[in-house]
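The block underneath contains the structure these notes are about, expressed in structure tokens.
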């Protein structure tokens, strides 16, 4: 009986991890819908206002109370809120205003690669040849996606395109290559998440991932509020269309609170090495959902880029 019960519990964990990958893939679609009528700070604030309430309830149930922070932990949690909630989500929603959901998901799939590179640079963690090869393959895949399969135009855009503001002809070239401010913001998401994770490595030694993430969420939500208010938060609440409201609810409840809790269950049950493998399903689900819901085309550059990014991330994460 105990063995059968354990097997059922393990099966439920795997179901939760697959569902989490699907949910997180859906956040790109929901985010893309939300920012068609909401400003990026407004969308980010509403998402995490909802998530903050949900996580407050979850932390209370798991720990019986809200664990207090030591003085040193407060600075670390502030860093988590600035990088992982405020910075990441302002850039995420800002980028999705112009970048297709499928392409954005493949760029953000570089998160594990950026974390491995950041850990080697800032924490002196060893970077093996295998990990180095995985990083290069993933970066090539991301570059292929950003440039829509033409790496030469990507180079031209970086050197003289719209990013540097060098004129109308350069702006047109940047648009043709697909590398504009939206893509810069999505790449910024990767840098923000790398910073969040590296700060979290120190925090997690004294706080559980659930508590640290909850505090980061509360800090980030507070930081987002004045920017959202400046952007017209109240007017957006009054005039918000149904599809944007449903997208924000999805992002706050499923994408943030439920997704994190289920992934946290997976980490505890099967460990980070096995649980993190399911993250590779996120860009795949995002691309498929974007094609179904948003009618985004499944182009050859997306397919080739997806293969390279996921292969590179798998190599980098392999234990």
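The values are calculated or read from the model by the stated rules, or taken from the named source; none is laboratory data. This structure is a prediction, so every number in the text was calculated from the model and none was measured. Reconstructed Cβ throughout: ideal geometry from the backbone, glycine too, with neighbour counts over all protein chains shown.
Only residues that are part of a helix (DSSP H, G or I), in contact (Cβ under 8 Å) with a residue 60 or more places away in the chain and more than 21 Å from the chain's Cα centre (by Cα) were counted across region 240-271, and they come to 3. One residue is enough: does region 74-96 have a residue meeting the conditions more than 15 Å from the chain's Cα centre (by Cα), surrounded by fewer than 23 Cβ atoms within 10 Å (Cβ to Cβ) and in a loop (DSSP other than H, G, I, E, B)? No - not one qualifying residue is present in region 74-96. Only one entry in 192, 285 is closer than 29 Å to residue 70 by Cβ, at pLDDT 85 or above, touching a helix residue (DSSP H, G or I) at 6+ places or on another chain (Cβ under 8 Å) and buried (at least 19 other Cβ atoms within 10 Å of the Cβ), namely 192.
Checking 222, 212, 202 one by one, the residue that is out of contact with any strand residue (DSSP E or B) (no Cβ under 8 Å at 6 or more places or on another chain), over 24 Å from residue 49 (Cβ atoms) and either in a helix (DSSP H, G or I) or touching a residue at least 40 places away in the same chain (Cβ under 8 Å) (or both) is 202 and no other. In the set (1) more than 27 Å from residue 276 (Cβ to Cβ); (2) touching a helix residue (DSSP H, G or I) at 6+ places or on another chain (Cβ under 8 Å); (3) not in a helix (DSSP H, G or I), residue 67 fails one condition alone, (1).
Filtered by the rule that a residue be assigned to a helix (DSSP H, G or I) and more than 21 Å from the chain's Cα centre (by Cα), region 293-303 gives 300, 301. Taken as a whole, the structure places residue 9 among residues that are in contact (Cβ under 8 Å) with a residue 40 or more places away in the chain, within 23 Å of residue 261 (Cβ to Cβ), assigned to a helix (DSSP H, G or I) and over 21 Å from the mean Cα position of the chain (by Cα). For region 120-134, the set of residues classified as in a helix (DSSP H, G or I), surrounded by 15 or more Cβ atoms within 10 Å (Cβ to Cβ) and either within 18 Å of the chain's Cα centre (by Cα) or without any contact (Cβ under 8 Å) to a residue 60 or more places away in the chain (or both) consists of 120, 132, listed by residue number. Test residue 64 against the criterion of being over 15 Å from the mean Cα position of the chain (by Cα), surrounded by fewer than 23 Cβ atoms within 10 Å (Cβ to Cβ) and under 18 Å from residue 97 (Cα atoms), and give yes or no. So residue 64 does not fit the description; no.
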